[in-house]
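The values are calculated or read from the model by the stated rules, or taken from the named source; none is laboratory data. Source: prediction; values computed, not measured. Reconstructed Cβ throughout: ideal geometry from the backbone, glycine too, with neighbour counts over all protein chains shown.
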Amino acid sequence: MRPFTLQKPTTIGQAVSGKKESAQFLAGGTNLLDLMKKHISQPDRLLDINSVLSEKIESTAGGIRIGANVRNSAAAANELILSKFPLVSHAILKGASPQIRNMASMAGNLLQRTRCPYFYDTSLPCNKRKAGSGCGALKGETRMAAIVGHNPQCVAVHPSDLCIALSALDARVIINGKDNKETSIPFKDFHKLPGTNPEKDNNLPANAIITAIEIPSNPFNKNCSYLKLRDRESYAFALVSVAAALQLNGNRIVEARLASGGVAHKPWRWYEAEKFLKGKTADLSNFKQAAEIIARETHPLNGNEFKVPMLKGAIEVALQNCLTA
Amino acid sequence: MGFFKRKHEPKKVPEGRVEGFYKVTGSGKYAAEYKLENVCYAVLVGSTIAAGEIVDINTDNAKDIEGVLDVLTHRNRPQIPAFADEAKAKRAGFSLPVLHTNKIFFRGQPVALVIAETLEDANYAASLVTVSYKTDQAKVDFDKEHATVPIAATGKERGSMDAWSNAPHIREQAYTIRNQVHNPMEMHATIAVWDGDKKLKLYDKNQGVNNVQQTISRLFDIPPANIEVFSEYVGGGFGSGLKVWSNVPLAIMAAKQVNRPVKLMLTRPQMFTLVGYRPQSWQNVRIGADANGKFLGILHQAKHGTSVFDNYGEGITRISRLVYNFGNLKTESATVPLNLGAPTWMRGPGDCTGAFALESAIDELSYDIKKDPLQLRLDNLAVINDPDTGKPWSTNFLNECMTKGAEMINWKSRNPLPAQTKEGEWMIGYGVANGMWFAGRSKASASIIMQKDGSITVQTAMTDIGTGTGTGMQNIAHLELGISHDKIRIKLGNSNLPAAPSQGGSTGLSTISGAVAAVCDALKMKLAGYASLQDAIYKDAKPESIVLSDSGIAYQQAGNHLISFDKIFSKENLQTIEVEASSGPGEERQKYAFCSGASHFCKVRVHTKTGKVKIDRHVCVVDAGYVVNKLAAANQVSGAAVGGIGMTLSEEQVVDSTHGCFIGGDLAGYHFAVNADAPIIEVDFINKIDPNINPSGAKGVGEVGIIGAAAAIANAIFHATGKRLRDLPITPDKVLLAKS
Ligand SMILES: Cc1cc2nc3c(=O)[nH]c(=O)nc-3n(C[C@H](O)[C@H](O)[C@H](O)COP(=O)(O)OP(=O)(O)OC[C@H]3O[C@@H](n4cnc5c(N)ncnc54)[C@H](O)[C@@H]3O)c2cc1C
């Protein structure tokens, strides 16, 4: 790893004013330190923000506010989250391992980098790691790659599980910029598609810090489910995952939410399918049709065509699981 | 009666392992954990191309980093004598002329070694070494290359292929398996310490200290006696520690160059390219049976990958020659040279791959014939004689393994037809398959040092890679001598101790049990010699009529009158009593064939919409002769079966033929099975002594637990879904896309 200096700011103000392009915030370190050891991320300075950011989960007028420094395992076990936003807990618990979740912060989870093997191997081309070097996966191994929203520049997917739930629940990312003023970004606009600059994963302004995540109150705590399909039952990233949530009136769907991981450069919402389900009866035939609508939106790559039927199956099962949840 | 007339009163063994305390408390040291004065650190730089030549290496930036002592490349490294001469190199059995050539054979091949005061300095500096290459076309695509390699006979043909060309039932299918890696928890590491020019100490992770000693002796032209190898604790191996890899000579070269002890530990990504793997394979099996299901003949063909610089062959078709009676049989094989690192033995090498094809093909045939796959196997088992040599099996209870396993999983409750049993969206299925492994034994030595208080230390150079060898030795010594377990210490993994072969191929306990029995006899005789000075009747004593206890020695013919150790030691003014003995296989190997066997039974559920496979139950019944320590033996089998689950459902080291390499080099992306993928493996043993194999009556148990596991699972998936999956690993996408 490249030598670096370590600083420990004590306020958010100090943290943002000390941040430059060549510096990095250090939260749980479960992603950043790995990337540094592999010479993928080479900051000259680390700003340890563990004593700067909130570790509180609070109820607010409009919903819930989760401090950026709350650990993934603490959020998953939190009473408020379990009763009002259980989808968040389900998704977190499908990610990583207990040891990693004990260290991983909420903000760090949003900012974790892709697990595309070409990104991780500095001797292979990757536009995300080294702009202009090409996309190694495109002509190589695409099994884990995207089936929607990709372009020849980059076919990587965002690896988070938590973010799929946050996307389905229209969370907001609360940030402090260089001016140390609090603003927020809607979740759907937080992560981005590769476009012409796949080296950027998201729209967090340069040197800004995430301070919290807010989720608005919602009626999805009764009928929701998170399904993650992967190559092994634990400690693996998603081939495809689905966060599904239904607001039901008897047998009728008042409102539906569907989002997926393992399919795109960002957490992916299936708005068309949601629209289709609105007002329909909650039954298998409608779930199947929703899955068909979703399948039509996809553009699998050479080598990951299987993700489409798998995704269809996952959508159906996740929606069915909402009814038995 | 067998060759070895030993008592086998089943004795209760204490729970736990002799090394448990030291491992749990961290006081037991793995290779890289030894703290040596003045040690410095080395980090490897790997080639970024798969085939070609180094044109230039720039180490200036790396050398500028503070703390860097030197950077070795093929231009400035100290000469390894054997690499100066091709014949010598061949004799050394070390095929990669590491840092002695500008040629590149595979991606990841060491091209430079940075040596620095700290690991951090070395690591960072290693990232600054730049190499320019002349790139050649690399061959890494096994599927493409194997078609161009001709296949040749392996082993003697039996009968003829024509004899059964009109058999009422014939099945012919191809089966494929992708590359799999060992990746034991402890990464390969070496600390090399020179003492002058001709003496060397190595703290090294391996499965055989004497093998390391011999190999390094030949490479560096130093007498073996001048090389000490320490591998007291080994954090797993699965076969990767049976060979000496480049980290050992590299650390030795580095230590010579900087004239200090050097520690070199591979990184986890390097573990994926530099220390072997189970090579990708293709197999074709044609099998025929008569109308009643009697096997008439088999053709088993196999090809697997190897590296361009090291031809490694594993006996994939061997298993077809052993388990069942095939009057007509032909086996053929070939290796396919590729620009990848060298493959090597990995748990159940060859047979584990072969069993997937053989036992899948038999299963396919059973559904063609509409005969219970269990019965079809039972009817054709060769449990009396080894069909290949014609020798009688010393013991072979595979039939009993099958019957017992069938009972445990309640085989008869299963619907004989595939794709019939559903629970919601899950399809349920049962599968069976057999595994077999030659029960080998080699020569080994052991010694005992007895103290005045009657406590003993039993020692040998053999390693214990986590298998429980040391614990088994203690159990056997207790059985032979009668001395309490807590008075028996075990010392292992040090080349200064009595010589022993590497621990591999399930031969460890079988081999060392002979040496332990022999040295126990030697101790009895030595004590009897001293006792005879006090009571002349001891002159005629034989080991079997001598009884030791914690307090002393007794002899049947002397009315079992006890002479205390204390008396012997003080009378003869002794500090310790030391004996050493060797034992190895003999005449019994001429008369008998030896095998361990296992029957696997599996119950799976397969999700119709997602392709997910869940293993509900996995039963493994093993014939491993006398079970010296049930807990340790069951632990071996259960670990192997979980390895089998990974092999079947998820393990694949992906090759990218565009970029000429393995891709992905971490355990988050390489999917070995985790606890959540495996049920509690239900292990049982036939536990009948093999009276001819060695004095303990125990046969090896390390491999059979994985051999056959894959087919049992794949067969269960077929029974559940009607989909026959012939390409491992059976990931959910393959299940989903397969046609029934
Ligand atoms: C083996 C393994 C398996 C995993 N499996 C999964 C999985 O299945 N599903 C899943 O969702 N995740 C998985 N993860 C990822 C894990 O969830 C992330 O590593 C973790 O959430 C990152 O959080 P952290 O606090 O450790 O972040 P760090 O590593 O400390 O930081 C990550 C990045 O975020 C930046 N950062 C951190 N906090 C802030 C802030 N407040 N404001 C601005 N920038 C900030 C850092 O500068 C850095 O760039 C896995 C990780 C590993 C190592």
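State all residues of region A:76-90 that are in contact (Cβ under 8 Å) with a residue 60 or more places away in the chain and within 10 Å of A:I64 (Cβ to Cβ); if no residue qualifies, say none. Talk me through it step by step, then tell me what you get.
Going through region A:76-90, the residues in contact (Cβ under 8 Å) with a residue 60 or more places away in the chain turn out to be A:83-88, A:90.
Once the filter is applied, which keeps residues that are in contact (Cβ under 8 Å) with a residue 60 or more places away in the chain and within 10 Å of A:I64 (Cβ to Cβ), region A:76-90 yields A:K84, A:F85, A:V88.
Report, ordered by the first and then the second residue, all pairs with beta carbons closer than 6 Å, sequence separation of six or more or different chains, a first member in region A:91-102 that is under 20 Å from A:D34 (Cα atoms) and modelled with pLDDT of 95 or more, and a second member that is part of a helix (DSSP H, G or I) and near the ligand (Cβ under 7 Å from one of its atoms).
Between residues of region A:91-102 that are under 20 Å from A:D34 (Cα atoms) and modelled with pLDDT of 95 or more and residues that are part of a helix (DSSP H, G or I) and near the ligand (Cβ under 7 Å from one of its atoms), the close pairs are A:R101/A:N72.
Among the residues of region B:270-278, are any in a helix (DSSP H, G or I), more than 10 Å from B:H188 (Cα to Cα) and either free of Cβ contacts under 8 Å to residues at least 40 places away in the same chain or not assigned by TED's automatic domain parsing to the domain that holds B:G639 (or both)? Before you say what the answer is, go through the steps one by one.
The initial filter retains those residues of region B:270-278 that are in a helix (DSSP H, G or I), namely B:270-271.
In the following step, the residues that additionally are more than 10 Å from B:H188 (Cα to Cα) were identified as none.
No: region B:270-278 contains no residue that is in a helix (DSSP H, G or I), more than 10 Å from B:H188 (Cα to Cα) and either free of Cβ contacts under 8 Å to residues at least 40 places away in the same chain or not assigned by TED's automatic domain parsing to the domain that holds B:G639 (or both).
Given the conditions (1) buried (at least 19 other Cβ atoms within 10 Å of the Cβ); (2) outside any helix (DSSP H, G or I); (3) out of contact with any Asp or Glu (no Cβ under 7 Å at 6 or more places or on another chain); (4) not β-branched (V, I, T), report the number of the one that B:D550 does not fulfil.
Just one mismatch for B:D550, condition (1).
Scanning region A:46-74 for residues that are closer than 22 Å to A:A91 by Cα, within 16 Å of the ligand (Cβ to nearest atom) and in contact (Cβ under 8 Å) with a residue 40 or more places away in the chain, which turns out farthest from the other protein chains (Cβ to nearest Cβ)?
Per the criteria, the residue is A:R65.
Every residue, every condition in (1) within 30 Å of B:G644 (Cα to Cα); (2) crowded, with 24+ Cβ neighbours inside 10 Å, yes or no:
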site	(1), (2)
A:P219	no, no
A:C224	no, yes
A:R232	yes, no
A:S241	yes, yes
A:A245	no, yes
A:K266	no, yes
A:F276	no, no
A:L301	no, no
A:L311	yes, yes
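I'm trying to understand the selection: among the residues of region B:474-501, which are part of a helix (DSSP H, G or I) and in contact with a Leu (Cβ under 8 Å, 6 or more places away or on another chain)?
B:L481
Taking region A:27-45 on its own, how many of its residues are within 9 Å of the ligand (Cβ to nearest atom), out of contact with any helix residue (DSSP H, G or I) (no Cβ under 6 Å at 6 or more places or on another chain) and either more than 14 Å from chain B (Cβ to nearest Cβ) or touching a residue at least 60 places away in the same chain (Cβ under 8 Å) (or both)? First the steps, then the outcome.
Within region A:27-45, the first condition is being within 9 Å of the ligand (Cβ to nearest atom), and the residues that meet it are A:27-35, A:41, A:43.
Okay, now just the ones that are also out of contact with any helix residue (DSSP H, G or I) (no Cβ under 6 Å at 6 or more places or on another chain), so A:29, A:31-35, A:43.
If we keep only those that are either more than 14 Å from chain B (Cβ to nearest Cβ) or touching a residue at least 60 places away in the same chain (Cβ under 8 Å) (or both) too, we end up with A:29, A:31-32, A:35.
Counting residues in region A:27-45 that are within 9 Å of the ligand (Cβ to nearest atom), out of contact with any helix residue (DSSP H, G or I) (no Cβ under 6 Å at 6 or more places or on another chain) and either more than 14 Å from chain B (Cβ to nearest Cβ) or touching a residue at least 60 places away in the same chain (Cβ under 8 Å) (or both) gives 4.
Considering only region A:145-168, state which residues are surrounded by fewer than 24 Cβ atoms within 10 Å (Cβ to Cβ), more than 14 Å from every other protein chain (Cβ to nearest Cβ) and either among the polar types (S, T, N, Q) or within 16 Å of the ligand (Cβ to nearest atom) (or both).
Of region A:145-168, the ones surrounded by fewer than 24 Cβ atoms within 10 Å (Cβ to Cβ) are A:148-149, A:151-153, A:159.
So of that shortlist, the ones also more than 14 Å from every other protein chain (Cβ to nearest Cβ) come out as A:148-149, A:151-153.
Within region A:145-168, A:N151, A:Q153 meet the criteria.
Being closer than 23 Å to B:S484 by Cβ and acidic (D, E) is the filter here, so list the residues in region B:528-568 that pass it.
Residues satisfying the conditions are B:E544, B:D550, B:D566.
Report, by residue number, each residue of region B:642-692 that is of a type in the set (S, T, Y) and within 16 Å of the ligand (Cβ to nearest atom). Explain how you work it out, then say what you get.
Residues of region B:642-692 of a type in the set (S, T, Y): B:648, B:650, B:657-658, B:670.
Of everything in region B:642-692, those that are of a type in the set (S, T, Y) and within 16 Å of the ligand (Cβ to nearest atom) turn out to be B:S650, B:Y670.
Just one of A:K200, A:K188 is more than 16 Å from the ligand (Cβ to nearest atom), of a type in the set (K, R) and not in a strand (DSSP E or B); which is it?
Working: A:K200 fails: more than 16 Å from the ligand (Cβ to nearest atom).
So the residue among A:K200, A:K188 that is more than 16 Å from the ligand (Cβ to nearest atom), of a type in the set (K, R) and not in a strand (DSSP E or B) is A:K188.
Identify, from the list A:G132, A:G136, the residue that is within 14 Å of chain B (Cβ to nearest Cβ) and more than 13 Å from the ligand (Cβ to nearest atom).
Values: A:G132 fails: within 14 Å of chain B (Cβ to nearest Cβ).
That would be A:G136, the only listed residue that is within 14 Å of chain B (Cβ to nearest Cβ) and more than 13 Å from the ligand (Cβ to nearest atom).
Restricting to region B:154-172, give me the number of residues that are surrounded by fewer than 12 Cβ atoms within 10 Å (Cβ to Cβ) and either touching a helix residue (DSSP H, G or I) at 6+ places or on another chain (Cβ under 7 Å) or closer than 30 Å to B:P337 by Cβ (or both).
1
Tell me which residues, restricted to region A:230-246, are closer than 20 Å to B:A678 by Cβ, touching a His at 6+ places or on another chain (Cβ under 9 Å) and more than 9 Å from the ligand (Cβ to nearest atom).
Listed by number, the residues that qualify are A:D231, A:R232.
Taking the criterion of being of a type in the set (V, I, T) and within 30 Å of B:T335 (Cα to Cα), would at least one residue in region B:221-243 satisfy it?
Restricting attention to region B:221-243, the residues satisfying the condition of being of a type in the set (V, I, T) are B:222, B:227, B:229, B:234.
Going one step further and asking which of them are within 30 Å of B:T335 (Cα to Cα), we end up with none.
No, the conditions are met nowhere in region B:221-243.
Would you mind stating whether A:V88 is more than 8 Å from the ligand (Cβ to nearest atom) and either within 18 Å of the chain's Cα centre (by Cα) or within 14 Å of chain B (Cβ to nearest Cβ) (or both)?
Values: more than 8 Å from the ligand (Cβ to nearest atom): yes; either within 18 Å of the chain's Cα centre (by Cα) or within 14 Å of chain B (Cβ to nearest Cβ) (or both): yes.
Yes, satisfied.
Here is a list: B:V98, B:V131. Which entry is of a type outside the set (G, A, S), within 13 Å of chain A (Cβ to nearest Cβ) and touching a residue at least 24 places away in the same chain (Cβ under 8 Å)? Break it down into steps so the answer makes sense when it comes.
Numbers: B:V98 fails: within 13 Å of chain A (Cβ to nearest Cβ).
Checking each option against the conditions leaves just B:V131.
Conditions: (1) within 8 Å of the ligand (Cβ to nearest atom); (2) away from chain B (no Cβ under 12 Å). A:E79 meets all but one. Number of the miss?
All conditions pass for A:E79, except number (1).
Give all pairs with beta carbons closer than 7 Å in which a residue from region B:605-619 that is within 12 Å of chain A (Cβ to nearest Cβ) and farther than 11 Å from B:G429 by Cα meets a residue that is of a type outside the set (A, V, I, L, M) and assigned to a strand (DSSP E or B); count only pairs at least 6 apart in sequence or on separate chains.
B:H607/B:W426
Need the failing condition index for A:E21 against (1) outside any helix (DSSP H, G or I); (2) under 18 Å from A:I174 (Cα atoms); (3) more than 7 Å from the ligand (Cβ to nearest atom), just the number.
(2)
Residue-wise test of (1) charged (D, E, K, R); (2) in a loop (DSSP other than H, G, I, E, B); (3) more than 14 Å from chain B (Cβ to nearest Cβ).
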site: A:A212; (1), (2), (3): no, no, yes
site: A:E255; (1), (2), (3): yes, no, yes
site: A:H265; (1), (2), (3): no, yes, yes
site: A:K275; (1), (2), (3): yes, no, yes
site: A:P300; (1), (2), (3): no, yes, no
site: A:I315; (1), (2), (3): no, no, no
site: A:L323; (1), (2), (3): no, no, no
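Scan region B:675-689 and tell me whether some residue there is among the polar types (S, T, N, Q), touching a residue at least 24 places away in the same chain (Cβ under 8 Å) and within 26 Å of B:A357 (Cα to Cα). Talk me through it step by step, then tell me what you get.
Keep residues of region B:675-689 that are among the polar types (S, T, N, Q), which gives B:675, B:687.
Then drop every residue that is not touching a residue at least 24 places away in the same chain (Cβ under 8 Å), which leaves B:687.
When the remaining residues are screened for being within 26 Å of B:A357 (Cα to Cα), the result is none.
Checked against the condition, which is being among the polar types (S, T, N, Q), touching a residue at least 24 places away in the same chain (Cβ under 8 Å) and within 26 Å of B:A357 (Cα to Cα), region B:675-689 yields no hits at all.
Could you list, in sequence order, all residues of region B:479-504 that are in contact with a strand residue (DSSP E or B) (Cβ under 8 Å, 6 or more places away or on another chain) and under 27 Å from B:W437 (Cβ atoms)?
Kept after step one, since they are in contact with a strand residue (DSSP E or B) (Cβ under 8 Å, 6 or more places away or on another chain), are these residues of region B:479-504: B:481-483, B:487-501.
Those that are in contact with a strand residue (DSSP E or B) (Cβ under 8 Å, 6 or more places away or on another chain) and under 27 Å from B:W437 (Cβ atoms): B:I490, B:L492, B:G493, B:P498, B:A499, B:A500, B:P501.
Collect the residues in region A:227-251 that are assigned to a strand (DSSP E or B), touching a strand residue (DSSP E or B) at 6+ places or on another chain (Cβ under 6 Å) and either among the small types (G, A, S) or away from chain B (no Cβ under 14 Å) (or both), keeping them in residue-number order. Break it down into steps so the answer makes sense when it comes.
Looking only at region A:227-251, we keep the residues that are assigned to a strand (DSSP E or B), and these are A:227-229, A:240-249.
Still in the running and touching a strand residue (DSSP E or B) at 6+ places or on another chain (Cβ under 6 Å): A:227-229, A:240-248.
Within region A:227-251, A:S241, A:A243, A:A244, A:A245, A:L246, A:Q247, A:L248 meet the criteria.
Residue by residue, here is whether (1) in a loop (DSSP other than H, G, I, E, B); (2) more than 14 Å from chain A (Cβ to nearest Cβ) holds:
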site	(1), (2)
B:G665	yes, no
B:P679	yes, no
B:D684	no, yes
B:D690	yes, yes
B:A710	no, yes
